Structure formats: structure tokens, C-alpha cells
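The structure appears below as C-alpha cells.
No lab work stands behind these numbers, since they all come straight from the coordinates. Only a predicted model underlies this, so the values are computations on that prediction, with no experimental measurement involved. Every residue, glycine among them, receives a Cβ derived from its backbone with ideal geometry; neighbour counts consider all protein chains shown.
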Amino acid sequence: MYRPTTPQSSLFDVAAVLPDALPKDDWSYLYREKILPLIDEEAFRPLYAESSGRPNAPIKAMVSLLIFMGLEQLAWRTAEYLFPRRLDWMIATNTASGEARIDHTTLFKFYQRLEGNEVARELFTTFVEAFIQTCGTSVKIQRTDSFFVHGWLRILSRYGLFKETIATFLRALRKHKPGLYENIRPELSQDYLEKDFDLTEKDKERAQRKVALMARDLYRIKTVFENHHQVKHYETFEVLCRVFTQQCQVEEVPEQEPKITLKEKPDTDTVCSPHNPDARYVRKGKQRATGDKAVITETCDPDNKTQFITDVNVVNITTPDARLQPELLDRLIDHGFQPDSQYEDAGFVTGETILAAREKGVELEGPVAGRSQSFDKFEQPDRPLDAADFDIQVDPDNGELVVVACPHQQVAKSQKRSDKTGDLLVHFDADECRACPLSARCPVHIGKRVATFRVSEAQYVGAQRHHRYMEDKGYRKKCAVRAGVEATVSELTRAHGARKSRHRKAARTKLQIIFAATACNVKRFLRTVQQCARAELETA
Ligand code: SF4
């Protein structure tokens, strides 16, 4: 049952009982005065039944505890233990001595209620609004970056994946159908449920031999149980079938057992652990991860005294950054944090995202995706030409591209839009192109009678941005402001525990990251207010 926190102060209020216990400029007093009132308990009312059930623990205190956990990277039980022992927490949450009791189960259940709805995000937005207003922070310039949030799953090689998938299924089979387990066990190449179960095999040749045998075992299990009316519905069996289909192929051999071979590259979107079939594995440079991907945006106007995180989200780890760009911009606009310029790295910036952002009145800045960022390669005399090497003008009336001349100054014979793709098809004289010294580098397709150059607005804008980034030192210097977001990522991951997920479900990981970002903003805000107060005292 929903019960709001009483606004009346208790006789045993810590600040009243022990007025000098903490210095007057302690963060806890500032938190109580400036941040606690921002937590609107009414927003949490839909999470509780109107009239039945036990009344809830004080919501303001529980939300604050979740923020403190983000601030100090604490576990549930630690938060429960510390609450009645920390004067600063009691003062900050306006909790009387003796009433600071919220057990870890209550706190975790409250966290579960927040999962899957937008209350935590709305709270984050309310805080940001209040902070940027109080500190006079401008949102005109912002920067964005993404980082991996590692899950708890062990990264398995194909050897480990096969072994663990078979073992997980056999464990379930042994538990529910011991007779069937005893029947299948002698048909397999090894005892998968032996005690010393090692998921690694250092000897490469031995591992390859074993992987081939395990692929055959997967096939045997699949064929034996795929028509069994009960076993075929086991989740572990469905995962086993998926792993087999994604990793192996069956070659039919006449009058013999089919040949099982391993796919050179497994299918995309593959299961990487039988314990969480939704988890995905990615590799980026030296980083290998299974888990989720977090995206953060923060203000970065150099005139701002304090920068705040304005948006945070958690998505599937395999989602490309460029696909996240439009929705993160929409969120910023919806929440009233629309920037004029947004600085991002090459993962987010493409011709398409630049154009989509421009339509919303935002200029996306940074190097574009899909091109080498090597200056040496760009300056090489034999580098491939692109759309930005052509003389192209944009019609000011309708925004249409007009190709005036090619890099060899040949004027186009004709140009029209493709009915299928909408791309601009520009025709040049094929004989002239064949004789051209630039033809090996040129993107035109030289046919028998005509040479065709195909270009879209997005390709042109992307190529133009690439040329600007590679040629204009001043622009690169301007884009360097983006690098500051790496420090915020480092702060979130090292100081607020955002590198590792505490949960298996993506919705809970998202909550964890939202509270980590909220904690980071709260810390920055309190620090700024404390510094201003001290500066005022010194000048007085
Ligand atoms: S190949 Fe044809 S279109 Fe390309 S630069 Fe040479 S003349 Fe121009």
C-alpha cells in the first residue's frame, strides 16, 4: 500500500539531537536541502496497490539509498548495515535516529518495482533540470560516448560453449528424466557431467579434435530428442539446438551417417552462453565482452562551471552506435536538453545521422564512420576518390544535389534520380573516362557507352565531413572537446561501478546505470554548491 513520507520532522531528528555532530557545510545538509525535495513520491504511487498490502518504507529514503549505493559502489546488505550507522545518511534523508531501518530485501524489492518503467529515468531528468538551472549550465554543446557494461557470464571459446551447452542440457535431463539420461550417456564421446569439469583446453590440436567430437554429440542429442514430446520443450534443449544450428552444418552422405562440420564463422547473433541465451559476445580492439552497452551524453560547453550527464541509456551490446544516435537525440529534445552541436566519435557519425540531426536543428560534429582516419592514407596520391572530390553543389531552393564536374573536370552529360533507390545517377562520357588518368581511383562505373557515378545526399555529406576532418586542423581541434567524455566514462566505471552489471536482466542493468549516472550528477552538483559556498565565505 502506498504511504507518503510524513513531512513533519521527528523529535529524534539527528540534526536536532546532535546539531554539531557534522560540520555545517557537510554534503548531507546540502543533500537534504537541495536534492531530497526533488524526489516526488507521488510519481512512485502507481508502483503500489492503493489500499491493500503493507505500507511501503519511506520512498525518499529508499531512492536516496539507491543513489548512495551508486555513489559508493555498495551492495544491498552494506546499504542496510550502514543506514542506521551513518549520521550523514540519516541527516541527508531526514531520518530520525532509530527509524533508519530498511532491510536489503525491501530495498531490492523496491528496485524490482522500478524495473521496466520510466520512474527512475524521470527522476534522473528532474535532477538534471534542477542542477543545470541552479548551476547555470548551458546544454548548447554536448558530447556522447558508449561503453561496455560487462555481464557476469564467462567468455567461452567454441570448445567451452559446446561443452557447457551439452552439460547444461544433460544436467536438466538427469534431473527430470534419469532413465533417458542413462540411455544417451554411453552414446556420447565423453562424460559431460564428470566432477572436474574444465571449460578450457590449452592444447590447440586436442581442442579441435574434441570440438569435432562434441559437434557430433550435439547432433546426436538433437536427433534423439527433437521429437520427444516433453524433452523438446526444455529450454536447455532449445538452446542446444540453436547452438548446433548456429555453429555447425550437416552434410548428407548417401547410406552413411551425415557428416557434421563446423562453420568457419558462426552465424551472426549467436548464443554465447547456455546460461543466458539472450547475451551476446562482441569484440572491439582488445576488448572482449558479453553484457550490455551503455550510452551517455553530457554537456561540454567550455564556459560551464560544471558539466552534467544529460542522457543515459542501456542497449543490446551488438547495437551499432549510429543506430542509437536518432533516438538519443529525440530523448534530449523531449526532455528539453536539445543541443546546438553534438560531438561524437566515428561510431555515431554517418552521412545519415548528420542529415537526420540537421532536420532536428542539431549539428553533429566529429569524424565519420566507415573511413580510415589515417592522415597518411588520406594524403597518398593514389587514395580512392569519393563524392567530396567531385564538384557538387546543393540547390538552395530544394536541397537537391547538382554534380557540376568530376575530379578531372569533365562536365556531366546528364543526371537523374533512380526510381528504385532515390540516388542521383550522373552520366559521363565513357570514352573520356577510359582515357582518364584518374579512372583507377574514381568511383564511376564505366560501361560501354556511358560512365555512371551514383551518389546519395547521405554519401555526399559523409564524404564532405571526412574531407573536412582530414584537411582542416582547426576543425579537428574543435572536435577534440569530445575526448572529455572519456573521462566521464572512466568516472562512471571506476567510481560508480558502471563497468560491471550486478544483474542478469538488461532492464535491471539499465536501472543500475541510471542510478550510477544520477549519483555522478549528484556528486558534481554538491561539489559545485559546496565550492560556491566556500568562495562566498572567503570573499565575505
Ligand atoms: S574517370 Fe571519368 S568521372 Fe572519373 S575523374 Fe576521370 S573523367 Fe572524371
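What aspartates and glutamates sit close enough to residue 420 to cross-link, taking a C-alpha to C-alpha distance under 19 Å and skipping anything fewer than 8 places away on the same chain?
Leaving aside aspartates and glutamates fewer than 8 places away in the same chain, those within reach of residue 420 are 352, 400, 457.
What GluC sites (Glu not before Pro) in the range 230-308 are in a loop by DSSP, with at most 15 other Cβ atoms within 10 Å of the Cβ? Present the calculation step by step, with values, prior to reporting the outcome.
On the way: sites: 235, 238, 251, 252, 255, 264, 298; in loops: 252, 255, 264.
Within the range 230-308, the qualifying GluC sites (Glu not before Pro) (loop, at most 15 other Cβ atoms within 10 Å) are 252, 255, 264.
Checking understanding here: applying a Kyte-Doolittle mean of at least 0.5 and a length along the axis of at least 30 Å (C-alpha), which whole DSSP H helices in the chain pass? Write down the numbers at each step before the final one.
Working: long enough: 204-225 (31 Å, -0.53); 506-539 (50 Å, 0.07).
Helices passing the filter in the chain: none found.
Amide H neighbours of residue 308 under 5 Å, at least 5 residues apart or on other chains, H built in the peptide plane: list them.
For residue 308, the qualifying residues are 299.
Please state the shape class of the range 422-540: rounded when a/c is under 1.5, otherwise prolate if a/b exceeds b/c and oblate if not, all from the C-alpha gyration tensor.
prolate
Classify the chain as rounded, prolate or oblate, taking a ≥ b ≥ c as the square roots of the eigenvalues of its Cα gyration tensor: rounded when a/c is under 1.5, otherwise prolate if a/b is larger than b/c and oblate if not. Can you show the working numbers first?
On the way: a/c = 2.57, a/b = 1.14, b/c = 2.26.
It comes out oblate by the Cα gyration axes.
Can you show me the helix-derived [θ] at 222 nm for the chain, built from DSSP H runs with n ≥ 4 at -39,500 (n - 2.57) apiece and divided by the number of residues, rounded to the nearest 500. Before the final figure, lay out each step's value.
Working: 19 runs with 225 residues, N = 540.
That comes out to -13000 deg cm²/dmol.
Straight distance only, please: which lysines reach the Cα of residue 177 with their own Cα at less than 23 Å, same-chain residues fewer than 8 apart left out?
Straight-distance partners of residue 177: 163, 195, 222, 232.
Work out how much length residue 452 to residue 533 would gain on full extension: take 0.36 nm times their residue separation and subtract the Cα-Cα distance, in nm to one decimal. Intermediate values should be presented prior to the final figure.
On the way: separation 81, 0.36 × 81 = 29.16 nm, distance 6.74 nm.
Result: 22.4 nm gained on full extension.
For residue 477, give me every one of the lysines with a C-alpha distance below 29 angstrom, ignoring sequence neighbours fewer than eight places off in its own chain.
140, 284, 286, 293, 305, 360, 377
Hey, can you rank 528-537, 355-364 by average C-beta count inside 10 Å, highest first?
Peptide ranking by packing, descending: 355-364, 528-537.
Please list, by residue number, every one of the trypsin sites (Lys or Arg not before Pro) in the range 152-190 that is coil in DSSP and has at most 16 other beta-carbon atoms within 10 Å. Intermediate values should be presented prior to the final figure.
Numbers: sites: 154, 158, 163, 171, 174, 175; in loops: 154.
Filter output for the range 152-190: 154.
Determine the relative contact order of the chain: mean sequence separation of Cα pairs under 8 Å and six or more apart, normalised by residue count, in whole percent.
Working: 786 pairs, mean separation 92.1, N = 540.
That works out to 17 percent.
For labels at residue 238 and residue 405 in the simple 7 Å Cα→Cβ model, what's the distance in nm?
Going from the residue 238 label point to the residue 405 one covers 6.4 nm.
How much net charge surrounds residue 372 when only other residues with a Cβ under 12 Å from its Cβ are counted (Lys, Arg +1; Asp, Glu -1)?
Values: positive: 371, 377, 383; negative: 376, 379, 386.
Taking every Cβ under 12 Å from that of residue 372, the sum is 0.
Exactly which trypsin sites (Lys or Arg not before Pro) in the range 71-118 are in a DSSP loop and have at most 12 other Cβ atoms within 10 Å? Walk me through the numbers before you get to the answer.
On the way: sites: 77, 85, 86, 101, 109, 113; in loops: 86, 101.
Passing both the DSSP loop test and the Cβ count: 101.
So who's got an amide H within less than 5 Å of the one on residue 417, skipping anything under 5 residues away but keeping other chains? H placed 1.01 Å off N, in plane.
When sequence neighbours closer than 5 places are left aside, the close amide H contacts are 425.
When 26, 382, 431 are ordered from fewest to most other Cβ atoms inside 10 Å of their Cβ, what list results?
382, 431, 26
Share of antiparallel DSSP beta bridges in the chain, in percent to the nearest 5?
Of the beta bridges lying entirely in the chain, close to 85 percent run antiparallel.
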